[in-house]
Amino acid sequence: MTQMSHLLPLTGLLFLISSTFASESNVPYPVTCVTRGADLLEDGVVVLCPPDCLQWRLSVFGTGIYAAVSSVCGAAIHRGVLGPSGGPVRVHKLHGRYNYLSYYANGIQSQALSRWTASFSLTKPVSSPMELTSETSTTALPAAGQPVKKPLKKPVKKVPTSGNKDCQMDIAIVIDSSNNIGQRRFNLQKNFVTKLAAMLKVGPLGPHVGLIQASDSPKTEFLLTNFTQPKELLFAIKEVSYLGGDTNTGKAIMHTAESFFTQDNGGRRGHPRVMMVLIDGWPSDDLEQAAILARESGINVFLVSVAKPAPEELSLVRDKDYMKKAVCKDNGFFNYLIPSWFSTTKHVKPLTQRICSLDGLLCSKTCYNSANIGFLIDGSSSVGDGNFRLVLEFLAGIAQSFDISDIGARIGAVQFTYDQRLEFGLFDHHNKEDAINALRRIPYMSGGTATGAAITYTTQNLFRRTGPGRNFLIVVTDGQSYDDIGGPAMAAHRQESSPASGSSSLKWSKESAETSQRITEETNTHQTHNMPYTHTHTHTHTTNHMYKYVNISLLTAQNSNL
């Protein structure tokens, strides 16, 4: 028997040859406007783009040949193979390359990219008509004694990671790119950030990471949604180039707080916002106002200082307390000190754990409550010296609940009878101990009761100069005023606040805690709750982005209950 006898003639077999059956990749695969080339696992696949993708904010890198992190549909529109009504396009996977060019075409501005690990090109899919053939086909059987070859297994498709669901944060990393750090330490900084990003485990359902460089002017390298797969993110960090210039970290924090976390830039509603700021040595500009804006915007600021100034360099540092002023609280949690860029590896895990341990309200729970609190105290004869001392202790209990400092809460006090006396202003005492001692030392005036005039005096004098945050005025009186309260209250309403009427008896220990808690809640959440004393408010924005408030709380105490 010859070898030809092993060939079986298959005659008259009809083959349906069409683009549909020749390859599964010809079946259009529905995608979204933001699906990237890197999300497609097969070469030559035909995708079906939805209509109106031009209305989306699409990331496209390159011209003709596009980096794999580009939006497929956006690149197809840019290339001219897809119209605004959507439709099918074929995606051809290519190797990575250097120098992706930017170009404006068909309503889309593509961006330049120095290098990427994979690319793709796009063509219009060509469908072949179905045709019928009647050809003889032969198939060879294996010769005697030869093993039958098993069909090759298809490679397992890699499913994109969804990310660490226990760390669903939006994280902005601000790195130092100044002359202070230099090229060598800048590369060590990138290695540290790369390890940190790898441990975070980014993904669509996990943390999102963007990066900003601090130099003369801040530069956003990539946004939160540009790279949501670990390998892409790590490569993007490695591609960041050194800038040089001054260490204007405050300017970079301000830039990040104002625009980086917007929904247009990929910020997710309801997700905690974290800003991790890396500084080599010390900043060239002021951090306090920028950090206050970040905190008022609900952003948790972590400051990582590497290689702190040597004693002989301290004279060059603009603000030696910059670390305390930049973070929510100087408690070792939000400020992190690393001795050298050569010993950063052991700090990656603990820093990652701190970032991912946050919940949505952590900043408001642990930060300084930036508030300006005024106490308007009835010193009339009807109160009496003994009860006046109880009032002061009650107010001291309120003050005790706050972190009183230059960047936290401020306390001021006015005593009134027919006359008014400014006991101490909001900027007179810079720590809790001094403020409470000053409160307890207030001498009793005695006299008549003119609460309306006292409200007018306090809003015009005590709150004439305030710090950042909201303004609160707590009025403690026995309830018997010899002048009109409604007029001054309405004037205060037209100026800054919404006063109200009402009264309640004071049980000192309980009311003190509730009053301080009420102010804390108002400071943190900007919401109104029912409490056992009068409290209403309104607000307007000021030019420095801080809220401006006077919240009047009228506490009317009955002498019999004191």
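If only residues of the stretch 59-68 that are part of a loop (DSSP other than H, G, I, E, B) and at pLDDT 90 or above are counted, the one that is farthest from residue 37 (Cα to Cα) is 60. The condition of being surrounded by 19 or more Cβ atoms within 10 Å (Cβ to Cβ) and touching a helix residue (DSSP H, G or I) at 6+ places or on another chain (Cβ under 8 Å) holds for only one of 397, 412, 379, that being 379. Here residue 422 meets each of (1) assigned to a strand (DSSP E or B); (2) buried (at least 19 other Cβ atoms within 10 Å of the Cβ) with one exception, condition (2). If you filter the stretch 306-357 down to residues that are under 27 Å from residue 295 (Cα atoms), surrounded by fewer than 16 Cβ atoms within 10 Å (Cβ to Cβ) and of a type in the set (S, T, N, Q), you find that the one that is modelled with the lowest pLDDT is 331.
Of all residues in the stretch 59-89, those satisfying the criterion of being of a type outside the set (Gly, Ala, Ser), surrounded by fewer than 21 Cβ atoms within 10 Å (Cβ to Cβ) and in contact with a helix residue (DSSP H, G or I) (Cβ under 8 Å, 6 or more places away or on another chain) are 63, 84. When residue 484 is tested against (1) surrounded by 15 or more Cβ atoms within 10 Å (Cβ to Cβ); (2) at pLDDT 80 or above; (3) not polar (S, T, N, Q), only condition (1) is not met.
Within the stretch 107-133, if we keep just the residues that are touching a Ser or Thr at 6+ places or on another chain (Cβ under 9 Å) and modelled with pLDDT under 50, the residue that is nearest to residue 94 (Cα to Cα) turns out to be 128.
Residue 376 meets each of the listed conditions (1) more than 15 Å from residue 430 (Cβ to Cβ); (2) at pLDDT below 85; (3) not β-branched (Val, Ile, Thr) apart from (2). Contact annotation: residue pairs with Cβ atoms under 7 Å, 6 or more positions apart or on different chains, pairing a residue in the stretch 36-52 that is in the same structural domain as residue 95 (by TED's automatic domain parsing) and outside any strand (DSSP E or B) with a partner that is aromatic (Phe, Trp, Tyr) and surrounded by 15 or more Cβ atoms within 10 Å (Cβ to Cβ), are 37/66; 37/120; 45/29. Go through the residues of the stretch 233-255 one by one and say whether even a single one is charged (D, E, K, R), without any contact (Cβ under 8 Å) to a residue 40 or more places away in the chain and closer than 18 Å to residue 297 by Cα. Scanning the stretch 233-255 turns up at least one residue that is charged (D, E, K, R), without any contact (Cβ under 8 Å) to a residue 40 or more places away in the chain and closer than 18 Å to residue 297 by Cα.
All of (1) of a type outside the set (Ser, Thr, Tyr); (2) part of a helix (DSSP H, G or I); (3) touching a Phe, Trp or Tyr at 6+ places or on another chain (Cβ under 7 Å) hold for residue 434 with one exception: (3).
Listed by first and then second residue, the pairs linking a residue in the stretch 278-289 that is in the same structural domain as residue 255 (by TED's automatic domain parsing) and over 10 Å from residue 253 (Cβ atoms) to a residue that is assigned to a strand (DSSP E or B) and at pLDDT 80 or above, with Cβ atoms under 6 Å apart and 6 or more places separating them unless they lie on different chains, are 278/175; 278/176; 278/304; 279/176; 279/305; 280/176; 280/306. Pairing residues of the stretch 343-363 that are outside the structural domain of residue 188 (by TED's automatic domain parsing) and closer than 25 Å to residue 308 by Cβ with residues that are exposed (fewer than 12 other Cβ atoms within 10 Å of the Cβ) and modelled with pLDDT under 80, at Cβ distances under 8 Å and at least 6 apart in sequence or on separate chains, gives no pairs at all. Applying the set (1) in contact with a Lys or Arg (Cβ under 9 Å, 6 or more places away or on another chain); (2) buried (at least 19 other Cβ atoms within 10 Å of the Cβ); (3) in a helix (DSSP H, G or I) to residue 264 leaves exactly one unmet item: (2). In a helix (DSSP H, G or I), in the same structural domain as residue 297 (by TED's automatic domain parsing) and not aliphatic (A, V, I, L, M): does that describe residue 221? So residue 221 does not fit the description; no. Being more than 30 Å from residue 287 (Cβ to Cβ) and modelled with pLDDT of 90 or more is the filter here; which residues of the stretch 395-417 pass it? Within the stretch 395-417, 395, 396, 413, 414, 415, 416, 417 qualify.
The values are calculated or read from the model by the stated rules, or taken from the named source; none is laboratory data. This is a predicted model, so every value here is computed, not measured. As a convention, Cβ positions derive from the backbone with ideal geometry for all residues, glycine included, and neighbour counts pool all protein chains shown.
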